[in-house]
Amino acid sequence: MKIEDIKVYVCSPGRNFVTVKIFTDEGVYGLGDATVNGRELAVVAYLEEHVIPCLIGRDAHQIEDIWQYLSKGAYWQNGAISMAAIGAIDVALWDIKGKIAGLPVYQLLGGKSRRAVTVYAHVNGSSIDEVIDNLEIAIKEGYKVVRLQSAIPSLEGTYGTLDGKKNYYELQGSRPLPPEQIWSTTKYLNFIPELFKRAREKFGYDIELCHDIHSRLTPIEAAQLGKMLEPYRLKFMEDTTTYDNPEGYKIIRNHTTTPIALGEKFNTIWDAKPLIENQYIDFVRTAATHGGGITPLKKLADFAALYHVRMAPHGAPDLSPVCFMAHMHLDLWAPNFGVQEFIGFGTPELNEVFTYNATLKEGEIYIDDTPGLGIEFNEDLAKKYPYKRSYLPVSRLEDGTLWNW
Ligand code: GCO
Ligand code: MG
């Protein structure tokens, strides 16, 4: 079965997505997601100029060899842009293999390890009261795991307070250049434990809670936060500090028993390796799109399992439904699956362009047994939603110093 053609589509049904479609000489096609938020067209150029010409005529069954060829064979390895390109090709090839086999991808990985995929919902607000009200709604909807984020009083622009209460995800397309937000670690650390205290006082300890810090703390500050949050027993605190220096996570680990999640920006297993083998983290968050596809994520899951580290794949709105479905298959299979991030099924425009069968019931997602990934992409409808240049916000300290996002 030869690869006959590969097309790349950029559309913006609510936000920008880069979708790859591989066509074979047997009439079967596969889909992949190559979206890198705020750098979408760089991936398109990488695919169209440097990847696709090398793949035409190759055997679509040779997923592993194609992955090695694009990765090892490229000389310039790794990085967000090239790994998203390789990830999209890899996911599309798994989609094709499943269709040819007449099996959903999770069967090719080793079969189901659980009935469905437990997800965590996002609960945001511009004050603790608002977050608590929204948490009540999420619990009533049946979620068992929830991520809590709150705006910090006297700090403009964090979660839920930008542009008339929209959260930052919704800024896409509304500004031609990156919006800027102010950050103060002192104000944040003085404020955030109260959010979790209030949540526990009102809802008890059965609801599992997570929190994302977007790398804004130093290791010792992250250790302080972990200690302060210990009484509220979080499922995990995510991206407390940057991962450029894995030893920073040793400092956090040595001081707190609050579990640690990391890895949504990892592009390879090697990014995760020192953190996992030293047991500095508890959940690894790498996505099929940014981590190079299903092939390396399967290896990452197996490696992580040796160290009691569980999978908690990134599921922000900038990963397309194609990546979401790739995660559903990985999550159903991985024996060491932890939890899947989930921000809802998205807007009507999005669900017009991407169609798939996934049902949310009591905080768990069920998919059906459609061969392959079980997702369709309507390229004609996608044309209705052209690309819009767009950026994530940038973070600065109160004195203007550029800070981590
Ligand atoms: C998450 C992520 C998002 C990112 C976004 C960047 O945990 O969902 O941290 O909040 O900001 O994916 O593109
Ligand atoms: Mg995150």
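When the chain is treated as a GNM, springs tying every alpha-carbon pair under 10 Å, which of V18, V44, V28 comes out with the largest mean-square fluctuation?
V28
Going through segment 71-165, which chymotrypsin sites (Phe, Trp or Tyr not before Pro) have at most 13 other Cβ atoms within 10 Å and a DSSP loop state?
Y75, W76
Under 10 Å, Cα contacts only: if you run a Gaussian network model on the chain, which one of G87, G372, G79 comes out with the highest mean-square fluctuation?
G79
Out of L297, L103, L31, any idea which swings most in a Gaussian network model of the chain, alpha carbons joined below 10 Å?
L103
Report, in degrees rounded to the nearest 10, the 0 to 90 angle that the Cα long axis of helix 80-101 makes with the longest principal axis of the chain.
The two axes meet at around 60 degrees.
Rounded to the nearest 500 deg cm²/dmol, what is the calculated helix-only ellipticity per residue at 222 nm for the chain, with -39500 (n - 2.57) per DSSP H run of length n ≥ 4?
Taking each H run of at least 4 residues, the total per residue is -10500 deg cm²/dmol.
For segment 3-104, what class follows from the C-alpha gyration tensor (a ≥ b ≥ c being the square roots of its eigenvalues): rounded when a/c is under 1.5, otherwise prolate if a/b is larger than b/c, else oblate?
Oblate is the answer for segment 3-104, as a/c is 1.5 or above yet b/c matches or exceeds a/b.
In debye to the nearest 20, how big a dipole does the chain give about its Cα centre with +1 on each Lys and Arg Cβ and -1 on each Asp and Glu Cβ?
It works out to roughly 520 debye.
Label-point separation (nm) for T186 and R58, each offset 7 Å from Cα along Cα-to-Cβ?
A separation of 5.5 nm, rounded to one decimal place.
Please work out the Cα center distance from segment 350-405 to segment 48-125, rounded to the nearest Å.
17
Which lysines, if any, have their Cα less than 19 Å from the Cα of K299, not counting same-chain residues under 8 positions apart?
Cα-Cα hits under 19 Å: K72, K97, K112, K265, K273.
What's the carbon and sulfur percent of segment 3-104's accessible surface, probe 1.4 angstrom, rounded to a whole number?
In segment 3-104, the share of accessible area belonging to carbon and sulfur is 54 percent.
Compute the helix-to-body angle for 185-203: its Cα long axis versus the longest principal axis of the chain, expressed 0 to 90° and rounded to tens.
Tilt of helix 185-203: around 90 degrees.
Need one number: % antiparallel among DSSP beta bridges in segment 108-371, to the nearest 5.
Among the beta bridges of segment 108-371, antiparallel pairing accounts for roughly 25 percent.
Measuring with a 1.4 Å probe in the full set of protein chains, what accessible area per residue, in whole Å², belongs to segment 108-371?
On a per-residue basis, 38 Å².
The values are calculated or read from the model by the stated rules, or taken from the named source; none is laboratory data. Keep in mind that what you see is a predicted model, and the values were worked out from it rather than measured. Don't worry about glycine lacking a Cβ; one is built from the backbone with ideal geometry, like all the others, and counts go over all protein chains shown. Surface accessibility is based on the protein's heavy atoms, side chains included, excluding ligands, DNA and RNA. Shrake-Rupley method; radii C 1.70, N 1.55, O 1.52, S 1.80 Å.
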